[in-house]
Amino acid sequence: MHAIQMRGITKRFGPVIANNHIDFDLMRGEIHALLGENGAGKTTLMRILYGLYHADEGEVRVNGQVAHVAAPKDAIQLGIGMVTQHFALVPTLSVAENVVLGYTGSFRVNPQVARQKVAEAAARFGVEVNPSALVRHLSVGERQRVEILKALYRNARVLILDEPTAVLVPQEVDMLFQTLERLRQDGLSVIFISHKLYEVMTVCDRITVLRDGHVVGTVDKAATSQAELARMMVGRETFGVARQERKPQGEVLLRIENLSAVDEKGLPAIKGVSLEVGAGEILGVAGVSGNGQTELSHVLAGTLKPTGGRVLVGDRDLTLADPAQVSGMGVGRIPEDRHEGAIGELNVAENLALEYLGEFITAGMLDHQRIRRHAEQLIAEYQIKASPTDRMRTLSGGNIQKVILARALSRNPQVVIASQPTRGLDVGATEYVRSKLLEQRSRGAAVLLLSEDLDEVLALSDRIAVIYEGRIVGLIPAKEADLEQLGLMMSGAREGIRVEA
Amino acid sequence: MLRLEIERAPAPIWMRSLIPVIAVLVTFVLTSVLVVWAGANPLAAYRHFLISPLSSKVSALEVLVKSTPLLLTGAAVAFAFSAGYWNIGAEGQLYAGAIAAAWLGVVLEGLPPVIAIPIMLAGGFVAGALWALPSALLKVKLAVDEVVTTLLLNSVVLFVVSALLNGPWRDPISGWPQSPEIAAGAAFPKLIPRSRLHLGFLVALLVIGLLWFILSRTALGLRMRAVGLGQEAARFVGVSVERTMLTAALVSGGIAGLAGVGEVAGIHFHLIEGISPGYGYTGIIIATLGGLHAAGVGLAALFIGLIDTGAQTVSRALGVPVYLGDVVQAALLLVTLGMFILQNYRIKVISD
């Protein structure tokens, strides 16, 4: 019996097709994984099911009936609940109040009755929570259980979980899986969005793999393997750019030794990372987002202090350097988030000058003429479509990235740290940014490329390191890179193979 | 069928420069309800608000007198806000400057004005900066919200003033809570004989000029704007966010302190408890109305000075409460803030 049938779902965002005629079936009483890389279209598809997006084409059936889901409230009425990574809970209210919030049916709420009803629901569904606890005192795992209970309390029979394990520690993952198992036994259906192979193989009955907005296939767990799933997830026919011939590696310019750092919540995000990048080399760090790349790039940029280890550029120790010192030591930095690198309300010339402000001061005053000439020169050199006095925020993403690139590369840095340098860019801008990185390599710079785009890593890198949960789990020469093996390492397959190069 | 849809689209530049003007018109329409309620004719009221104060030389000069502390507190707040430091404490920093002036003015007895007045100004600046220091340090070292701490210090300084005036500085003869008169050499000279317009007005204009110069012509100004407009990006490119904020906060406090010096040395010649009827808070209105730009702040301060003077005239001529001026100011701030947000949207008519 089908709980959900989605037929021919197509969703476009401007020129991008996020979902391209997707068919997806969910049976009653099954846990069904949606597996795919970042940007494969998993979340878009589920947002359509939950009424957050509207499909351009296609049809959704719930329990065999054609359903029009215009907004989440329609989805909730149809018995569909969704739990995202960003919880919608009020920290200062109790668990019970959060669960009944917006579902009380009357203006007045009797806290005792609410507590009792929520406790009953928690017992019925086997979700362990204390209804009187304040949400702000709960751990992330407990908050997630409250979100799940909230959906169940609204009579959800289909539960969508968007990367539920991304925010959890391992013990909480085990508890989550027990909860899901229990729900399946009660006949509920769960859609489990993930890109972690072993989790999918542990908890799910069937797996649908998406890639570039298409369904690659739906397989039974019993009839597949982690290796096959990895191949389905990342397998590609062609690579965008011709692979680079590897040049003899020069002296090591960037040395990262046993580096550790914590994320915003104070949890370990990178755990003993060691890497070396030589002159004239691009070292690509591949990995699914959220595995420590952000923190690694912040530490290297000087905006995050590591908790252990060292960073050396040439023979200078930059472990605790601030961003100005890092920049002054000849490290060109392209941040992961463009808005982290450019100030929208300042103009292009000011953004270009800001990192090297000392060069533009004459007699204690800013030399606006020099700032402008500097901008004009870089605008011409980097083919930026903007004038020096345009505010940054009026530029397209590609041009903002070119401004950041121009600023990072204009001083001929010895080391380049490029984080997701082409994320969200169109084809032309992407090719341009990649060619500039290759130019740095030919010039003899050491380039560390952190990218979630496997094509990009494969196309540009001399060597590829794979990062998973804050550790480098593999390091291989790009020539010998094998997609299936990379896919396995990136998704933390427990039989993951370690290769040293 | 026609539908209205709201979409995000920034208003064109020419529209943005019109915003203060439109805000004034909208405010007058809104507050005219109150004017009518108070039993007056709105048009007559606004004529008194806007035109009457400028119709005689005496009252026009009085507009400038009223504007003097407002120019300074407006500049003080704009300076801090430019760096994203939300200094709500200009009121307290003004009082700190006034305390310093009241003390120095007595101590400097016998010195010629060329020496005494610069010391008064410097002392007031330092006092204002010192009063701003605790909040600024808490902000950059411990990330304590400066809105709260600067605001709270405003109340603290009032108690300090009260303690001084009811304690050591109480006037021994009359017993009034007011400090001894400052020395003649420490008092600001009058710019125009037989008016109240004093040297402080020139100081205020100079500060407005410096505000423009620093924000648009110096590295500090660019760093401040970078921190104010995009703290993370500023940090990324190597701007020391902490040092920049600290500088902005202290200079802001110093400028507010100058406003206090002006009131003591130019108007009252001693310290009293109500020396500022909220100039520091009005400075927030002025900085916001002026869009944090020097010229805007200058115009806004003169405009509020006009309304303040006008409120007296309206009240005398039409018998409405003088507080109507405060209501107009407050409404003006709300309308302007609302328009700063609304300018980012436009209404689209869609026909199905």
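The values are calculated or read from the model by the stated rules, or taken from the named source; none is laboratory data. Predicted model, so just to flag it, every value in this text is computed and none were measured. Positions of Cβ are backbone-derived with ideal geometry, glycine not excepted, and every protein chain shown enters the neighbour counts.
Determine whether segment A:394-412 contains at least one residue that is of a type in the set (S, T, N, Q), within 14 Å of chain B (Cβ to nearest Cβ) and in contact with a strand residue (DSSP E or B) (Cβ under 9 Å, 6 or more places away or on another chain). Yes, segment A:394-412 has at least one match. What number of residues within segment A:338-361 satisfy the criterion of being more than 7 Å from chain B (Cβ to nearest Cβ), in contact (Cβ under 8 Å) with a residue 40 or more places away in the chain and either over 17 Å from A:V416 (Cβ atoms) or not aromatic (F, W, Y) (or both)? Number of matching residues: 6.
Quick grid of which residues meet (1) closer than 20 Å to A:R182 by Cα; (2) aromatic (F, W, Y); (3) surrounded by 13 or more Cβ atoms within 10 Å (Cβ to Cβ); (4) touching a Pro at 6+ places or on another chain (Cβ under 6 Å):
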| position | (1), (2), (3), (4) |
| --- | --- |
| A:L93 | no, no, yes, no |
| A:N98 | no, no, yes, no |
| A:L101 | no, no, yes, no |
| A:N110 | no, no, no, no |
| A:V118 | yes, no, yes, yes |
| A:A123 | yes, no, no, no |
| A:V129 | yes, no, yes, no |
| A:L134 | no, no, yes, no |
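Within 19 Å of B:V77 (Cβ to Cβ) and part of a helix (DSSP H, G or I): is that true of B:V160 in this structure? In short, no. Can you find even one residue in segment A:276-290 that is within 17 Å of the chain's Cα centre (by Cα) and either of a type in the set (F, W, Y) or within 13 Å of another protein chain (Cβ to nearest Cβ) (or both)? Within segment A:276-290 (the criterion being within 17 Å of the chain's Cα centre (by Cα) and either of a type in the set (F, W, Y) or within 13 Å of another protein chain (Cβ to nearest Cβ) (or both)), the answer is no, since none of the residues qualifies.
Among the conditions (1) among the polar types (S, T, N, Q); (2) at pLDDT 90 or above; (3) farther than 29 Å from A:T202 by Cα, the only one that A:T218 does not satisfy is (3). Return yes when A:V109 is within 20 Å of A:Q85 (Cβ to Cβ) and not polar (S, T, N, Q) and no when it is not. Considered against the rule, which asks whether it is within 20 Å of A:Q85 (Cβ to Cβ) and not polar (S, T, N, Q), A:V109 comes out as no.
Does B:P168 satisfy the criteria of being of a type outside the set (D, E, K, R), assigned to a loop (DSSP other than H, G, I, E, B) and at negative phi? Against the criterion (of a type outside the set (D, E, K, R), assigned to a loop (DSSP other than H, G, I, E, B) and at negative phi), B:P168 qualifies.
In segment A:310-337, the residues that are facing chain B (nearest Cβ under 10 Å) reach residues that are part of a loop (DSSP other than H, G, I, E, B) and β-branched (V, I, T) with C-beta atoms within less than 6 angstrom, at least six apart or across chains, in these pairs: A:P323/A:T303.
Considering only helices (runs of 4 or more DSSP H) fully contained in segment A:164-239, which possess at least 1 residues that are of a type in the set (K, R) and surrounded by fewer than 21 Cβ atoms within 10 Å (Cβ to Cβ)?
So the answer is A:170-185, A:226-234.
Just checking, does segment B:135-156 include any residue being among the β-branched types (V, I, T), closer than 17 Å to B:S276 by Cα and either modelled with pLDDT under 95 or more than 18 Å from the chain's Cα centre (by Cα) (or both)? Yes, segment B:135-156 has at least one match.
In segment A:44-56, the residues that are within 15 Å of A:A151 (Cβ to Cβ) form Cβ pairs under 6 Å with partners that are surrounded by 22 or more Cβ atoms within 10 Å (Cβ to Cβ), at six or more places apart or across chains, as follows: A:M46/A:I160; A:Y50/A:A75; A:Y50/A:M82; A:G51/A:V69; A:G51/A:A75. Here B:A265 meets each of (1) buried (at least 22 other Cβ atoms within 10 Å of the Cβ); (2) within 21 Å of B:L211 (Cβ to Cβ); (3) among the hydrophobic types (A, V, I, L, M, F, W, C) with one exception, condition (2). Identification of helices (runs of 4 or more DSSP H) wholly contained in segment A:261-374 with 3 or more residues that are out of contact with any helix residue (DSSP H, G or I) (no Cβ under 7 Å at 6 or more places or on another chain) yields A:293-301, A:323-328. Only one entry in A:I464, A:I404 is part of a strand (DSSP E or B), among the β-branched types (V, I, T) and either touching a Pro at 6+ places or on another chain (Cβ under 8 Å) or on the phi > 0 side of the Ramachandran plot (or both), namely A:I464. Going through (1) part of a helix (DSSP H, G or I); (2) more than 14 Å from chain A (Cβ to nearest Cβ) one by one, B:E242 falls short only on (2). Has segment B:110-121 got any residue that is under 19 Å from B:P69 (Cβ atoms) and of a type outside the set (V, I, T)? Yes. Considering segment A:29-143, the qualifying helices (runs of 4 or more DSSP H), each wholly inside and each with 2 or more residues that are more than 24 Å from A:T165 (Cβ to Cβ), run over A:72-77, A:95-100, A:111-125. Restricting attention to segment B:224-233, the residues that are at the interface with another protein chain (Cβ under 7 Å from one of its Cβ atoms) and assigned to a helix (DSSP H, G or I) total 5. Residues of segment A:72-100 being aliphatic (A, V, I, L, M) and either closer than 20 Å to A:F24 by Cα or free of Cβ contacts under 8 Å to residues at least 12 places away in the same chain (or both), which ones? The answer is A:A75, A:I76, A:L78, A:I80, A:M82, A:V83. Scan segment A:371-426 for residues that are buried (at least 24 other Cβ atoms within 10 Å of the Cβ), within 19 Å of A:L357 (Cβ to Cβ) and either β-branched (V, I, T) or without any contact (Cβ under 8 Å) to a residue 24 or more places away in the chain (or both) and jot them down. Scanning segment A:371-426 gives A:V403, A:I404.
From the residues in segment A:291-309 that are polar (S, T, N, Q) and within 14 Å of chain B (Cβ to nearest Cβ), which one is farthest from A:V277 (Cα to Cα)? Going through the qualifying residues, I end up with A:T303.
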